[in-house]
Amino acid sequence: ARDAEPKPPEADVLEAVRDRLRQALARSPFMQRLRSVFRTEDREKNIDQRDIRLAPWILWQGKPPAIEFPGLLDIVIKQAGQSPRTLRNLIEAWIRDFSPDGTDIAKAGQAIEQLLANTSHARLESWLQAHARFKLFSADHGPDNLAQALLGGGEDVPAILAAAGFVEGARSASSYLRAVQTKLLERLAAMLRDPGATERAQRAFQFLLQDNHLRFDDQRSLLAIRLCQAWFDNGPEPAPEIRNIIRDFLVDHIGDPRIRQDRWSGAEKEAELVRQWLTRASLEVFFGLIADYALDRQWKYRAAFWLAYLKKGVISDAWLALGKQVHAAAHAREKLGTAFGRLDGSADQSVLLLRIGKLVIGEWSHNGKLRAWREQDGPELYKQVYTRSELSKPCLPFPQDPLGGGGNETDTSGLSHFNPEKGYWQ
């Protein structure tokens, strides 16, 4: 229990402490005139020692934060030099409420550093070691030093967090770690073109997640902006591998931007980029899987046709409905994560759904026909399960081939992929 976190008292207790401290340290006109001779010892006379011990919990919280009470921080620091319990409270409150530019945060951090250097109390030893390694209580350097260590390798991420004192409890979601996350994302954004970018990103993800959820879910927009920054700075694009792992991380933990637009508020530009990545991945995976499950000489023509539309930028969305054997394939899971649906009742046949303009296009694998519907009449994208009937229902008739004749403008069963070498169906 030596390193266990002390818990702050109940809110009503702390509010009573705030009121008593405010009255004892009120800066009256008379006190202002005597400020130069009004010593810390004089201020302490009318303050209960227990209130001083609890004061760290309200220094940077509440209305008003007690850091605004004249002389209070000096009084707390003085008692912390005599009472390890007060010093522990000050450390916990400083970490919980940390802000690099917060009122007297830097001053309090320097005081903690000095007090730790002069103590031999066993329950403070771990903080002394953490500061020696990371300069933890330096408001200017501590968060960045810890971020650098987390990305740097040589020791796994949980071990580094344990060494810094951030294993679990309130510390693991403290404002100090928010500042560490900001520094970590800044560093990672500058590394995404480096040879070790994949390893750095994977280490960052270990820190960004806690129990497989974002450590700071309210920082989603900043997270997306930083992770996508390298694709908007006019430099060369990072490698496809790093693009894919960032795409998967963002989709898994913020949400698919095609389905969960609300989760991408404040990062709309980044959401659109991830949508483009998902669309490309859907097409690439579809044609890659078909090569495995539908040996068909037409497929190189179909792939060339739709990838040209993708390259031109006219495909706004793509979604896959995969047959049972296909959606179980490791390749599909690796490339798509969970961003696809299942075609019920099908083993290996699959469907690619595309949104182009005001149309929804359905491209079946194997020898299935090509279908097109007006958006309001076609299958809904992003569903988890589809039936064959909803993806093969009557569609818009295709016009006659203007080059070679043929075709039936009353046929609503779709377009067969005849004679691809001569561009018949295309």
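Quick notes
- From the options P64, P8, P70, residue that is outside any helix (DSSP H, G or I), modelled with pLDDT under 95 and farther than 29 Å from L124 by Cα: P64
- Qualifying residue in segment 34-44 (condition: at pLDDT below 95, of a type in the set (F, W, Y) and either open to solvent by 20 Å² or more (accessible area, probe 1.4 Å) or under 38 Å from the mean Cα position of the chain (by Cα) (or both)): yes
- Test: residue in segment 104-111 that is touching a Ser or Thr at 6+ places or on another chain (Cβ under 8 Å), under 20 Å from A170 (Cβ atoms) and in a loop (DSSP other than H, G, I, E, B): no
- Residue check for H213: open to solvent by 50 Å² or more (accessible area, probe 1.4 Å) and within 29 Å of R171 (Cβ to Cβ): yes
- When residues of segment 70-98 are limited to those that are open to solvent by 20 Å² or more (accessible area, probe 1.4 Å) and of a type in the set (D, E, K, R), the one farthest from the chain's Cα centre (by Cα): K78
- Pair list, Cβ < 9 Å and 6+ apart or interchain, from segment 273-287 residues that are open to solvent by 10 Å² or more (accessible area, probe 1.4 Å) to residues that are hydroxyl-bearing (S, T, Y): R275/S316
This table checks each residue for (1) within 30 Å of Q79 (Cβ to Cβ); (2) surrounded by 16 or more Cβ atoms within 10 Å (Cβ to Cβ); (3) polar (S, T, N, Q).
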position	(1), (2), (3)
I112	yes, yes, no
T119	yes, yes, yes
V180	yes, yes, no
R187	no, yes, no
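- For segment 337-378, a residue qualifies if it is of a type outside the set (S, T, N, Q), over 15 Å from S389 (Cα atoms) and in a loop (DSSP other than H, G, I, E, B), and the qualifying residues are G337, A339, F340, A347, D348, G357, K358, H366, E375.
- Residue within segment 147-168 that is open to solvent by less than 20 Å² (accessible area, probe 1.4 Å) and either without any contact (Cβ under 8 Å) to a residue 12 or more places away in the chain or basic (K, R) (or both) present: yes
The values are calculated or read from the model by the stated rules, or taken from the named source; none is laboratory data. Everything quoted here is computed from the prediction, not taken from an experiment. Every residue, glycine among them, receives a Cβ derived from its backbone with ideal geometry; neighbour counts consider all protein chains shown. In case anyone asks, the SASA skips ligands and DNA or RNA and just uses the protein heavy atoms, side chains included. Shrake-Rupley method; radii C 1.70, N 1.55, O 1.52, S 1.80 Å.
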